[in-house]
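Below is one structure, written out as structure tokens; comments come after it.
The values are calculated or read from the model by the stated rules, or taken from the named source; none is laboratory data. On a predicted model such as this, the values are computed, not experimentally measured, just so you know. As a convention, Cβ positions derive from the backbone with ideal geometry for all residues, glycine included, and neighbour counts pool all protein chains shown. The accessibility values were calculated without ligands, DNA or RNA, using every heavy atom of the protein model including side chains. Shrake-Rupley method; radii C 1.70, N 1.55, O 1.52, S 1.80 Å.
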Amino acid sequence: MAATSAIDGIISGLNTTEIVDTIIKAERRNAVLLEEEQAMKTTIISAFKALQAKFLALNTELSQLVRSSSYEAATVDVSDTSYLTATGTGRVTSGSYDIRVLSLARNHQIAGQGLTSDSLALMGTGAISIQVGDGATQTITIDGTNNSLVGIKQAINNAKAGVTASIVNDGSASNPYRLVLTANKTGVANKITINSNLVGGTNLNFATPSFDAPEILSFDEDSTAEVSLGTTAAYTGAGNKIFTFTVRGSGTHTLGNEPITLDWSDGTNTGSVVVTQSDTEVELVGAGADGLKLNLSGGTLTGGDTFQVGTFAPTLQAASDARISIGSQDGSGSPIMVGSDTNTFRDLVGGVTIRVAKVTPAGESVTINTDIDVEGVKTKIQNFIKRYNEVIDFIEEQNRYDQEKEESGVLFGDATLWMVRNSLSNAIGNKITGLDSKFSQLYALGIRSKGDGRLAITDSTRFDDALRNNLDEVIKLMSRAGVSSRSGIDFVSSTTETKAGENYEVNITQAAAKGYLQGNDLGNLLTNPITLTGSNNTLKLTVDGLKSREIYLAQRTYDSGDDLAEEVQARIDADESIGNRGVTVEWVSTGAGGYLKLTSSTYGSSSSVAVDTISNSASIVLGLSAGTAVKGLDVAGTINGEEADGKGQLLSGKDTSKTIKGLVLKIAMDSGQLTEAIEGTVTVTKGVAARLADVVDSLTKQTEGTFDRRIKSYQDQVDTIAKRVEEIDERLEVRRASLMLKFQQMEDALGQMKSTGDYLTNQLASINANWIRSRK
């Protein structure tokens, strides 16, 4: 019975579900209103996120304009890049320049005499000393383990003497292997000087030009005479070339019985020599002969027989400097000549690096045109204007009300929107604090704000003129900048927290210093020289925490402090680990003697130089192991009366500072320049882009920015509403269950009443029937 009564309105005939839904719907009206509010605020959140995205896009463009380097891009055009290339770095001097490449810088390259093998121990033992230019001399020991040509090559390369050794096979039939040395650096100043003192075998010869042994090219099978160099042949030429000889005539000729003519050519010159006797030295004469003498043994030669003699000159390539001329070549000016020991010329034209590749033909030149990249800067500013206008368009769209449709933007009337709009207008329109020149507002660049608040470059001529003629003022107008009252105090950077327009007083209490290692006094080296051998010529250093490899000093006697310092300097510079750290080695004279001092190139507490303990160490004999190691110092002082953080030469406002947070200065002063008073002042300016960047940062900063705070506020409200709606729905579910239960109970009661009624009806009918039967 109960199950039957659970069917919707089966007893009462009522649609109980519809009745309950209607009741719940009426009671859920508050939740519906809350959901409408939730949807509206979700839309507001989306609108703020969209506006935030546009500000972030604007900030991407501003991040370039707040940096002064963005305005110093250059255009460099070269009329013919096959002769030279040119690149601009930072600001360049505008102009047009005629360049002639007169010569290229080349490495000095020399070769030794030819040998029959590169792997056999043909060489003597002893020492080879190599010096490049006026650099330190490196001495290399050759013993029974490395006295082959290959062994010597490896020993030279391992010594890192400023040259690269290689072995070439010139293809000749006899003595084809030669040791070639190439200076690692170009230029006349890097000429190789080598002294080889090898005994007990062949000694290297890089000085004497010579003739190679004659080589048969084509001899008739009946030809029996042998060709050799004359015993007094001595090559007097300067270059490498090949003499080719041909027996004149035809048929077989017997030496000594008849004159035999040999025609010769060295590729440039030609001549002939007549051989009248065998085993007798004959000499070439005429241009190109260069001291060549031949000896032909008894026998026969056949017309058309050919042989050759090669020459060898040790200087394969002379060291040379690059030379260029700059200036007009048409007679209207007087070009100047400029030399370089490399093929690179820096700042010959302000801000431009020139790399030469080949010599220009006589009378011809290459033109370099340089200019400030006005179009590049204009593009950056146009991109900024575009993003700025997109922000303004979005704000205007939100503030627009359509009276006919009675519709408005989602953020219509929002106080934040008005605040943002005013902040943008102030950043764009107000005069830049701290700038006294005419370039203190955007209109000076030909940029104006239109009636709708959008920006545009309205005067391109004024814009171009400002960039070309007043670039420094443009940079100050747009970017973050600082003006110092004293040399040695330089503005580096600032942030949104740094206040502009103030004169920040700078007081330095400690100048930054470099770390150094000062050795003990070594006395007078002229009377007490230092001798380095294989047992005491090794150094290992730690510079600014970076360890060097083992550094090998030249094994020789040093009677000059300057020579000793130069050797140590050269070896440190060649080290693969610390060679680029800029360590300076100097000999400090004390009158009666002197000491070595090794100084780091960096400033600050992490700057240091120390020797490591190793075997065969030179640190003891050089006075370094017991020397004094002094760490560098960080700059210390105050800015605006507040203590600042010092690291190296950089002095920075602390994060907890009230007025100097975000300000960074470089203090390039030594202790002798400090005074008890204030060292100087720095005036910080924030240009248009910098001010806008501050506004954007305050709006878009993660968590703390205006947009994130507004979005979070609305999101919290949305979450609260969602929770309230959830609570209402939970309560209504309970209410629905209660109503359904009551209707079910009603149906149950009606069912019971119907059942009782039916029972009574049946009982009464039965009684009535019995009564009628009893009457009959």
Let me spell it out: the conditions are (1) open to solvent by 50 Å² or more (accessible area, probe 1.4 Å); (2) among the aliphatic types (A, V, I, L, M); (3) over 27 Å from Ala427 (Cβ atoms); (4) in a helix (DSSP H, G or I), and Leu14 meets all of them except one. Which number is the exception? (4)
In the range 620-703, which strands (runs of 3 or more DSSP E) lie fully inside it and hold 1 or more residues that are within 31 Å of the chain's Cα centre (by Cα)? 636-639, 645-647, 650-652, 664-667, 680-686
Exclusive hit being without any contact (Cβ under 8 Å) to a residue 60 or more places away in the chain, closer than 22 Å to Val92 by Cα and in contact with a Leu (Cβ under 8 Å, 6 or more places away or on another chain), set Ala444, Ala466: Ala466
Residue identified as surrounded by 12 or more Cβ atoms within 10 Å (Cβ to Cβ), farther than 30 Å from Leu56 by Cβ and free of Cβ contacts under 8 Å to residues at least 24 places away in the same chain among Ala749, Ala769, Ala737, Ala765: Ala749
Residue under question is Asp266, and the condition is that it be under 26 Å from Asn205 (Cα atoms) and either touching a helix residue (DSSP H, G or I) at 6+ places or on another chain (Cβ under 9 Å) or open to solvent by 20 Å² or more (accessible area, probe 1.4 Å) (or both); does it hold? no
Does the range 316-327 include one or more residues that are buried (at least 17 other Cβ atoms within 10 Å of the Cβ), under 60 Å from the mean Cα position of the chain (by Cα) and among the polar types (S, T, N, Q)? yes
Can you name every residue in the range 606-642 that is at pLDDT 95 or above and of a type in the set (Asp, Glu)? Asp634
When you look at Ile381, is it more than 35 Å from the chain's Cα centre (by Cα), at pLDDT 90 or above and open to solvent by less than 20 Å² (accessible area, probe 1.4 Å), yes or no? no
Pairs with Cβ under 7 Å, 6+ apart, first in the range 571-583 and in contact (Cβ under 8 Å) with a residue 12 or more places away in the chain and basic (Lys, Arg), second part of a loop (DSSP other than H, G, I, E, B) and surrounded by 15 or more Cβ atoms within 10 Å (Cβ to Cβ): Arg571/Leu553; Arg581/Asp544
Pull out all pairs, ordered by first then second residue, where Cβ-Cβ is under 9 Å, the residues are six or more apart or on different chains, the first lies in the range 399-427 and is within 14 Å of Thr43 (Cβ to Cβ) and touching a residue at least 12 places away in the same chain (Cβ under 8 Å), and the second is part of a loop (DSSP other than H, G, I, E, B) and among the aromatic types (Phe, Trp, Tyr). none
Per the filter on the range 542-578, residues among the β-branched types (Val, Ile, Thr) and either out of contact with any strand residue (DSSP E or B) (no Cβ under 9 Å at 6 or more places or on another chain) or outside any helix (DSSP H, G or I) (or both) are Thr542, Val543, Ile551, Thr557, Ile578
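Yes/no per residue for (1) free of Cβ contacts under 8 Å to residues at least 40 places away in the same chain; (2) open to solvent by 10 Å² or more (accessible area, probe 1.4 Å):
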{"position": "Ile489", "(1), (2)": "no, no"}
{"position": "Thr498", "(1), (2)": "no, no"}
{"position": "Asn503", "(1), (2)": "no, yes"}
{"position": "Val506", "(1), (2)": "no, no"}
{"position": "Ala513", "(1), (2)": "no, yes"}
{"position": "Gln518", "(1), (2)": "no, yes"}
{"position": "Asn536", "(1), (2)": "no, yes"}
{"position": "Arg549", "(1), (2)": "yes, yes"}
Quick one: would you say Glu727 is closer than 30 Å to Glu18 by Cβ and either open to solvent by 60 Å² or more (accessible area, probe 1.4 Å) or among the small types (Gly, Ala, Ser) (or both)? yes
Which residue is most open to solvent (accessible area, probe 1.4 Å), if the candidates are limited to the range 350-378 and must be within 17 Å of Thr85 (Cβ to Cβ) and within 23 Å of the chain's Cα centre (by Cα)? Arg355
Kindly indicate which of Ser617, Ser657 is among the polar types (S, T, N, Q), within 23 Å of Arg549 (Cβ to Cβ) and surrounded by 15 or more Cβ atoms within 10 Å (Cβ to Cβ). Ser617
Output the residues belonging to the range 303-344 that are at pLDDT below 95 and aromatic (Phe, Trp, Tyr). Phe312
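Yes/no per residue for (1) in contact with an Asp or Glu (Cβ under 7 Å, 6 or more places away or on another chain); (2) under 16 Å from Ser479 (Cα atoms); (3) part of a loop (DSSP other than H, G, I, E, B):
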| site | (1), (2), (3) |
| --- | --- |
| Trp418 | no, no, no |
| Ser423 | no, no, no |
| Leu435 | no, yes, yes |
| Phe439 | yes, yes, yes |
| Gly451 | no, no, yes |
| Ala456 | no, no, no |
Which count do you get for residues in the range 248-272 that are within 15 Å of Ser228 (Cα to Cα) and of a type in the set (Val, Ile, Thr)? 0
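Every residue, every condition in (1) under 22 Å from Ala213 (Cα atoms); (2) without any contact (Cβ under 8 Å) to a residue 40 or more places away in the chain, yes or no:
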{"site": "Gly291", "(1), (2)": "yes, no"}
{"site": "Gly298", "(1), (2)": "yes, no"}
{"site": "Thr306", "(1), (2)": "yes, no"}
{"site": "Gly310", "(1), (2)": "yes, no"}
{"site": "Ser320", "(1), (2)": "no, no"}
{"site": "Gly327", "(1), (2)": "no, no"}
{"site": "Gly339", "(1), (2)": "no, yes"}
{"site": "Leu348", "(1), (2)": "no, yes"}
Of residues in the range 635-648 being within 14 Å of Asn507 (Cα to Cα) and of a type outside the set (A, V, I, L, M, F, W, C), the one least open to solvent (accessible area, probe 1.4 Å): Gly637
